[in-house]
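Below is one structure, written out as structure tokens, with a few remarks after it.
The values are calculated or read from the model by the stated rules, or taken from the named source; none is laboratory data. None of these values were measured; they are calculated from a predicted model. As a convention, Cβ positions derive from the backbone with ideal geometry for all residues, glycine included, and neighbour counts pool all protein chains shown. Only protein heavy atoms, including side chains, enter the accessible area calculation; ligands, DNA and RNA are left aside. Shrake-Rupley method; radii C 1.70, N 1.55, O 1.52, S 1.80 Å.
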Amino acid sequence: MRKPTLAVASSAFFALAPGIVAGVVPWWLTGWRSGWPAQGAWWAARVPGIALIGLGALVLVHAFVRFVAEGVGTPAPVAPTDRLVVGGLYRHVRNPMYVAVVAVIVGQALLLGRPVLLVYGAAAGAAMAAFARWHEEPALARRFGEPYEVYRNAVPAWWPRWRPYVGEGRWPDRGQGPSKNP
């Protein structure tokens, strides 16, 4: 597929997957109604909540763009990448999309003062972690082999590393390693 087509497909998947998990379900659980009292220091939680929502949204957009630009594919299983995506934020953490989705949900919980969203965020995070561990990691190992194993051993799945991963010079020239400009 050509990159414009991949961008459209990736955008559709963006609306579908994170849109439902971090948008529709939280709305269904809360109706976007605040649980904060009319008066009080609720702003102390709302400000970090807004920051988490904004940061999570930026990370999601960055990761989706990375799949099209670097991976020449989409995050959707029906149109996977041709290349292993290890640039950008993927140099710090293997699952920035999942981390971002949970951050958005936690941000909504803080913004709205709705503990049910913290419970939902924990459940969604656990489901994503299980999916990544038991489905995605084995599939990536089969598809990309040693380059993925080297990357997996160097970059943590959930807590970002401080210094970016730059590879170990063992990437075969088969279009599976990091891009020339990570």
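Just a few scattered comments:
- Here is the figure for region 13-43: residues that are of a type outside the set (F, W, Y) and open to solvent by 60 Å² or more (accessible area, probe 1.4 Å) total 9.
- Residue in region 143-151 that is surrounded by fewer than 23 Cβ atoms within 10 Å (Cβ to Cβ), farther than 22 Å from V24 by Cβ and aliphatic (A, V, I, L, M) present: yes
- Checklist (1) modelled with pLDDT of 95 or more; (2) in contact with a helix residue (DSSP H, G or I) (Cβ under 7 Å, 6 or more places away or on another chain); (3) open to solvent by 20 Å² or more (accessible area, probe 1.4 Å) applied to P164, failing item: (1)
- Any chance G125 is under 20 Å from M97 (Cβ atoms) and modelled with pLDDT of 90 or more: yes
- Residue within region 127-134 that is open to solvent by 10 Å² or more (accessible area, probe 1.4 Å), over 15 Å from G23 (Cβ atoms) and among the aromatic types (F, W, Y) present: yes
- If the condition is being buried (at least 17 other Cβ atoms within 10 Å of the Cβ) and either free of Cβ contacts under 8 Å to residues at least 40 places away in the same chain or within 17 Å of the chain's Cα centre (by Cα) (or both), then region 104-119 contributes V104, I105, V106, G107, Q108.
- The one condition in (1) within 12 Å of the chain's Cα centre (by Cα); (2) buried (at least 19 other Cβ atoms within 10 Å of the Cβ) that A57 fails to fulfil: (2)
- Taken over region 120-147, the residue count meeting the criterion of being in contact (Cβ under 8 Å) with a residue 24 or more places away in the chain and aromatic (F, W, Y) is 2.
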